[in-house]
Structures are given as structure tokens and as C-alpha cells.
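Step one of this worksheet: look at the structure below.
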There are 2 protein chains.
Amino acid sequence: MTYANTPFDQTEYQRRLEKTRTAMIQSGLDAIFVTDPSNQAWLTGYDGWSFYVHQGVLLTLQGEPVWWGRHMDMMGGRRTCWMSHVNIIGYGDHFVQSTEIHPMQDLAKHIQARGLGKARIGVEMENYYYSAKAHAVLTEALPDAELADATALVNWQRLVKSADEVGFIRKAAAISDKVMQTAIERAAPGVRKNDVVADIMHAGITGVGDDWGDYPAIVPLTPSGIDATAAHLTWNGAPMRAGEATFFELSGCYRRYHAPLCRTVFLGRPSDDMLRAEEAQLEGIAAGLDVARAGNRTCDIANAFMAVLAKHGIKRSGRMGYPVGLSYPPDWGERTASIRSEDTTVLEPGMVFHFMPALWMDSWGLETTETILISETGAAEPLSKIDRKLFVKD
Amino acid sequence: MTYANTPFDQTEYQRRLEKTRTAMIQSGLDAIFVTDPSNQAWLTGYDGWSFYVHQGVLLTLQGEPVWWGRHMDMMGGRRTCWMSHVNIIGYGDHFVQSTEIHPMQDLAKHIQARGLGKARIGVEMENYYYSAKAHAVLTEALPDAELADATALVNWQRLVKSADEVGFIRKAAAISDKVMQTAIERAAPGVRKNDVVADIMHAGITGVGDDWGDYPAIVPLTPSGIDATAAHLTWNGAPMRAGEATFFELSGCYRRYHAPLCRTVFLGRPSDDMLRAEEAQLEGIAAGLDVARAGNRTCDIANAFMAVLAKHGIKRSGRMGYPVGLSYPPDWGERTASIRSEDTTVLEPGMVFHFMPALWMDSWGLETTETILISETGAAEPLSKIDRKLFVKD
């Protein structure tokens, strides 16, 4: 075992294993096979851009987890995981993107060799990195095992952050602030959007002081004007224009931990409609923050925001946020609780959410968001120090 | 229909539809549902960082394709796809990451409404964006349809590039060169790796002249020293050190088209071992390029390289390359042909490969790669103008 390269110490990883095993026992699972790269990293420290091939972590109720992946990435496992090398195993390159054989056949052999051929094994049915084919092959290769859906079992254990994790997220938030300042300063009529994004990226990777920047799990989303009616457009090389709002949804990243943030910049004079919407949005965010307290529920935040919006006569439906922390592409959300009317997750100290009640209207978009920490007492703490307002550059 | 915002004109998209439909007929498919974001963009122009929720393109044997996704991303579809708005459809936000209902239930209704309830429909079983759960739900919701595995059906149609696509890849290659120059210039003992990567990112997004930079599908891979024995580590904030080799595997990106490139920089004086390996690698690449001709096969390239390596007494197994072009995270490869001994794909003019016979040794890594275009006549054309050598900064 070596914790030389992992972001956290032994205590933290043991805490995570214990929490996860308790959940496994509650679900009647002998083992889980975890493909979500964030879950892999959270349990073992594994860090590398290798999730485009099949890999994962096999965890039973005792002993070290086993990281399994492509042979060449086993070397990366040895550099980044805390387990003994015997628990970092690889499959041959001939399995990679073959149409004849499949890596899950190799995994099945390892599972059987560990006496788990008849076990009840949790798999992440709803995950980018566990394909329909992977499940079909694994099911066939383990005829006596029971593969049960354990989607988000590990993700839920990540919901309440340790003090160390909150420390990482605060560092990410400081990077987010630096990046946002860069975006706000650089935005001007005639400036190409990609040139603004180049500076955004540069600021994010440079980081703040000794806290170097990692790659965020989502690239900056930076649409302007009519494009900002769409939530997930990225950028192009067109110059920014007077009379348009641009939202900058982005995140700093410190050792895979995120603190997303969005601000909208208007070049010129915003319409009365937009100013009224901004007023409602800010009032709604304040109302949401005020009920984002330990003991309340995620839906309370959404409902508080919606009540303010309704008072201002603005219609808005849909999700308004999600937990954030450790993440890999393509999503910086944790995919467990949601800030929405239908979600009744009880808030606990140490939970961190991206509260993002954006307004995407017919001809423009207005997005002001906060990453918030649920506190021991009182209202949630927004981690950004950037003014919460529509930035108008006239 | 509007081609105002798409990267290519109507002729190009019609060419793609025809090719794809021919393949569908050969496979006996009435329709395909395509989740690979690269395939979606290739067929419809759709471009947005929304692939972290379920979305896809439904294509039958006639008429326009249908882009289906989250309601808020339907707005992005209207901004980026060429089809009529009636063929860009969305599902409600209550489906997103719900544990009660699943977006595939919504898709199934649209499929049935189009008279495809009993059709033979191809799905991409082996894809990041078609989860095991998605397949299970869709199968259950379409009890009378036959879901057949059509993994890579569209990817294979992308293998031979049109002249317009080659033009885009050349632009990406020029960006890659600019980025690589930046990396080589900036690498020096004492410089933090993340500061080098910040400049790399900046150069890549700035682009070259009017050719603005898009985000590559993989972030820069930049490991040094012992970390370079692993293929897919990213970066950290440690200063670069004398006596170590660092490889920079990266790609410029022009409107989602890639031209990956790798060069290795040694700070100080490389060992004789490394110099001998570099000599073998360069000779092997030249041998590979020489047989990378229309009519030859992908395995010929691999075998030519391996023969040179064997002559120099170096062992190397595994894949040595893959086709590249239009891509979204997490992979800039197209996942069809491979440059490896077992692969017998016949080379045709217009194919573009990342030929990457990297050497990952016990205590260091050496990676020199080229994006190559299969020509009408003669050997393949490497698209980079960067010297092909180990860069030694003593």
C-alpha cells in the first residue's frame, strides 16, 4: 500500500470503504463492480484519462479493492492507486475495441478466480462507462452469479463530504472565482468568444498559488444572445456583440474536485424584461439559500425559488441543481439527489450542491448560480466570492 | 431545414445519410437509434455538451433524421442541426436522472408513433452513451420491436473522409502544430507542468488565424519520467525536472475534427537506451508510413513497424493507431479499424489515422506519433510539420 501519490490519506479511504460496505450489506451485495471513474477515484485514488476503455473497481466486503483495466493503464494504477500492486490488474491490448472478444470476459475470470462466481454482484446499470454490451457479456460470462443494479450506490456515499474534501472544493471555488473574473474582464464587443475561452482555460489550469488547476469535467459553456436560450452550447470563433447577454458556466477543478459557477455578462444595456428577471432570480436564490439548511430537504430549496419566481410572474420548470465534488467527464454532477420539487433528500452538513436556477427564455438566457455548502447551523454557505448579479458592461 | 449554422453544406449531409442507409439496408435494419455524440453530429450537425443525459438520433430509411434529447437541449438542436424543427424533439426534465422513470420510455413512444413499434432497430450496444439500463428499458418499452446491435455502423461510414472533412482535419493539424510548438518551447526544468498545460490549452483554443480552436475530445496527456511509463496520466503542479522525458500527446480541434500528435521532450541528456529506442521508433514510423498506401491493410503498417523494432531488439505489443476525425469526449478515436497485426482493414484514400507506436518502457516512455492521410497514390501523408524526433533540451 502506498498513499504517496493519492490526494487523501489512508484514514479517508478507509472511511469511504466502510461507508460503501455498509451500503453493500444493506443491499445484500457480496461485491460491487464500479465503472464510474469518479467512484473509482473516490475508492482507490485511480486517476487517468483511460475511461474510454473498459475498466473498473471490484470491491468485496473485505480486503483491498481491486482496480482492473487495460494492461497499459495498470501502470497508471500503480502510480495513482493506494492498493498493493497485486490488486491492480490488467487485460491485454487485443481485447481493446475488438469485435471478437470483450474485456468483460477477462473480468469474469478474475471474478470467478476470487470465488465470486455465484455471488450477488452490484453493477452500475446506468453509467456512461458500463455499456449495454458490457452488461450482456458479463451476464453471459458469469452464468451462476446474480448481477444486481447498484447504480449510484457509491455516488450516494459521496454526498456528504469529509472536511478534507470540503477543503478541496474550497480550493476549486477559489479557482472558479479567478476564472470567472477573467471571463467578466475579457468579455467585450468584437472579442472572439474562443479568445475569451482560451483565457478562461489558461486561468483555470494555472490555478491559484500552489493550488494548480486540473481539467474540469465539463468545458466552459459560454453561449451568447439567442444561443443562450440553449443550455449546453460551447463556443465558436464569432466576435461577441453589443446588445447580447452571454452566460459563462464553468468550474475550477482542484485534484478532480469541482465548484461550478455561472454569471451572465450583458454587453450594452439589458432590456427591462431581463432586468426584472435578474431581480427575480437573485431574490429567488437568496430565498433558496435561506432554506438550504441541515434538516430541510432539496425540494424546499426548489420550492422557495419557484415561489419567488411565481410572485414575479415568471414560469420556470425543471431541475435547479445537483450535488458536486469529485468528477470526471462528461458530468460534474454526482447524479444522486436533485434540487427539484419531486426530490425529498434531507440536507446534511457537508453536502455541496451546484444551485443553478438558470432562466432560459425565448430569446435570451440568464444564468446566475452558486456552489453551496450545507452548514452545521444556519443557511448554506455560497463558496464563491464573485458578486451575485448580472454584470452589465455598457 | 437550415444549414446556416452547420459546419458542412447540404450535399455533405445527404452523402452521409445515403452511405448510412446503404449500410442499414445491408444489415436489414428499418431504423437506427444512434447515441454516439460523434455519430449524432456527423449525421445532423448537433453540437453541444449535453451528452451526459440521454439523447440520440433516430434514422429510418427515408426522410430527415430525428434528433431526440432533453427539452432544454432541443433548443441547442434548433441552433445546430440542419433538420426542420419538427424533427428536433425533447423530453421533460422530470425524466433526468430520475430513479422512477427513464427517458427511454419517452423515446419508445416516439418510435411507436412513427410506426416503428414492430421494426428492426439498430442500437449502439457498445457505446458510452447507451447504458445497460437504457437498453433494458428500451427493450421492455418496445416489446414487439427487434433491437439489433448496430455498434459502429455509423462509425464505419465515417472512416473515409470527404474532401471537406480532410480540409477540417488539416486545420486541426495546423492547430496541433502550434500547440506542440508551445509545449516544446515551454518545457524546462523548474516549470510547473500545469503552467505548461495552461499555455497548451490557450494555444489550442486560440487556434490559427481565423481557424478558432474547439475543445479536443481528450485533454493533453503529459506525463514525465516514471509517470510516462503509464499511457494516460494527465498533469499535476510539480515542476518539470532535468533528467526526465515528458511526452505531450495532444490534439488541436477544428469544429470537432482532430489531428492528434505526440512528441517527447527530454530535459538534459537522454540515456543511450532511450536514444537507441528513438532511432528504432523513427525508422519504424518511416517504414509504417511507406506501406500506409491505398490497397494495403492496417496490419501492414503495424507489421512494418514491428519488423523494424524487432531488428533493433525492442519488444512491443498492442495497438498502434486508430482512425480519427470528428469526435467528442471521452475518445478522439473512431473505434472501428485499428493499426494492429490482427486487423485487416483495406486502406483507402481519404482515411485518416493517428499512427501512434509509442514505447512505454519499464522506467520511461517515448512517444512520437503522426496523424496520417491515406493518399490517392504513394505513401501516407503526415499532416504535421513538426520535426519527427526526440526533442532534447540540454
Can you give me the distance in nm between label points at B:K315 and A:T11, each placed 7 Å from the Cα along the Cα-to-Cβ direction? 4.5 nm
For the stretch B:163-393, what does the relative contact order come out to in percent, with C-alpha contacts under 8 Å and a separation of six or more? 23 percent
For B:A148 and B:A307, compute 0.36 nm times the residue count separating them, minus their Cα-Cα distance, and round to one decimal in nm. 53.2 nm
Where the only charges are on Cβ atoms (+1 Lys, Arg; -1 Asp, Glu), what is the dipole of the protein assembly as shown about its Cα centre, to the nearest 20 debye? 240 debye
Compute the Cα gyration tensor for the protein assembly as shown, then decide on rounded, prolate or oblate, letting a ≥ b ≥ c be the square roots of its eigenvalues: rounded whenever a/c is under 1.5, prolate when a/b is larger than b/c in the other cases, and oblate in all that remain. rounded
Once both axes come from the Cα atoms, what is the angle between helix A:272-291 and the longest principal axis of chain A, in degrees from 0 to 90, rounded to 10? 50 degrees
Dipole moment magnitude, nearest 20 debye, the stretch B:10-157 about Cα centre, only Lys, Arg, Asp, Glu C-beta charged: 360 debye
Using only Cα atoms, find the angle between the long axis of helix B:132-141 and the longest principal axis of chain B, and express it within 0 to 90 degrees, rounded to the nearest 10. 10 degrees
Accessible area per residue, 1.4 Å probe, Å², for the protein assembly as shown: what's the number? 34 Å²
Counting as exposed only GluC sites (Glu not before Pro) in DSSP loop states with no more than 13 other Cβ atoms inside 10 Å, the longest exposed-site-free span of chain B is B:101-341
With contacts defined as alpha carbon pairs under 8 Å and 6 or more residues apart, what's the relative contact order of chain A in percent? 14 percent
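What does the C-alpha gyration tensor say about the overall shape of the stretch B:287-394? Classify as rounded when a/c is under 1.5, otherwise prolate if a/b is larger than b/c, or oblate.
Working: a/c = 1.45, a/b = 1.29, b/c = 1.12.
Note, shape of the stretch B:287-394 comes out rounded.
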One finds the C-alpha centres of the stretch A:196-247 and the stretch A:58-108 to be spaced, in Å, by 36 Å
For A:H85 and A:S162, what does the FRET efficiency come to when R0 = 25 Å and r is the distance between their Cβ atoms, rounded to the nearest 0.05? 0.40
Mind listing which chymotrypsin sites (Phe, Trp or Tyr not before Pro) in the stretch B:79-160 are in a DSSP loop and have 11 or fewer other Cβ atoms within 10 Å? none
How big is the gap, in Å, between the Cα center of the stretch B:21-36 and the Cα center of the stretch B:311-366? 27 Å
Once phi for every residue in the stretch A:115-130 is put through the Karplus expression 6.51 cos²θ - 1.76 cosθ + 1.60 (θ = phi - 60°), the whole-Hz ³J(HN,Hα) values, with Gly and Pro written as x, are x, 9, x, 10, 7, 9, 10, x, 10, 8, 4, 10, 8, 4, 10, 9
List the residues whose amide H sits under 5 Å from the amide H of B:Y91, counting only those 5 or more places along or on another chain, with H placed 1.01 Å from N in the peptide plane. B:G69, B:R70, B:H71
Counting other Cβ atoms within 10 Å, which trypsin sites (Lys or Arg not before Pro) in the stretch A:75-115 have at most 16 and lie in a DSSP loop? A:R114
Sorted by chain and then number, the residues having a modelled amide H within less than 5 Å of the amide H of A:R297, at least 5 places away or on another chain, are A:L347
Rounded to the nearest 100 Å², the accessible area buried between A and B, both sides, probe 1.4 Å, is 6000 Å²
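Do you know the Lys pair count in chain A for C-alpha distances under 14 Å, with sequence separation 8 or more or different chains?
4
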Dipole of the stretch A:213-369 [Lys/Arg +1, Asp/Glu -1 at C-beta], most positive-end residue of A:L347, A:N236, A:L326: A:L326
Just name one of A:A145, A:H110, A:S317: the one whose Cα is farthest towards the positive end of the charge dipole of chain A (beta-carbon charges, Lys/Arg +1, Asp/Glu -1). A:H110
Let me know the mean shielding of A:215-224 by other chains, meaning the per-residue number of their Cβ atoms within 10 Å of its Cβ. 3
Putting +1 on Lys and Arg Cβ atoms and -1 on Asp and Glu Cβ atoms, find which of B:C299, B:S27, B:T368 reaches farthest to the positive end of the dipole of the protein assembly as shown. B:T368
Taking chain A as the reference, fit the longest principal axis to its C-alpha atoms, fit the long axis of helix A:163-186 to the helix C-alpha atoms, and give the angle between the two in degrees, 0 to 90, nearest 10. 40 degrees
Which whole number gives the average, over all residues in B:44-52, of C-beta atoms from other chains lying within 10 Å of the residue C-beta? 5
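Once you have the Cα-Cα distance between A:S27 and A:E283, take 0.36 nm times their residue separation minus that, and quote the gain in nm to one decimal. Walk me through the intermediate numbers first.
Values: separation 256, 0.36 × 256 = 92.16 nm, distance 4.19 nm.
Length gained, A:S27 through A:E283: 88.0 nm.
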Protein-protein interface of the stretch B:339-365, residues with accessible area decrease of at least 10 Å², isolated chain reference, 1.4 Å probe: B:R340, B:E342, B:W360
Trypsin sites (Lys or Arg not before Pro) restricted to the stretch A:170-264 and DSSP loop, no more than 15 other C-beta within 10 Å: A:R241
Theoretical FRET efficiency, 1/(1+(r/R0)^6), r = Cβ-Cβ of A:H110 and B:T2, R0 45 Å, to 0.05: 0.30
Cα-based shape type of chain A, given that a ≥ b ≥ c are square roots of the gyration tensor eigenvalues and the cut on a/c is 1.5: prolate
Estimated dipole of chain A in Debye, rounded to 20 [Cβ of Lys and Arg +1, of Asp and Glu -1, Cα centre]: 140 debye
Looking only at the stretch A:10-157, where both bridge partners belong to it, what percent of the DSSP beta bridges are antiparallel (to the nearest 5)? 40 percent
The protein assembly as shown - mean residue ellipticity at 222 nm from DSSP helices (-39,500 (n - 2.57) per run, n ≥ 4, rounded to 500): -11000 deg cm²/dmol
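The values are calculated or read from the model by the stated rules, or taken from the named source; none is laboratory data. Since this is a predicted model, take the numbers as computed values, not measurements. Positions of Cβ are backbone-derived with ideal geometry, glycine not excepted, and every protein chain shown enters the neighbour counts. For accessibility, only protein heavy atoms count, side chains too; no ligands or nucleic acids. Shrake-Rupley method; radii C 1.70, N 1.55, O 1.52, S 1.80 Å.
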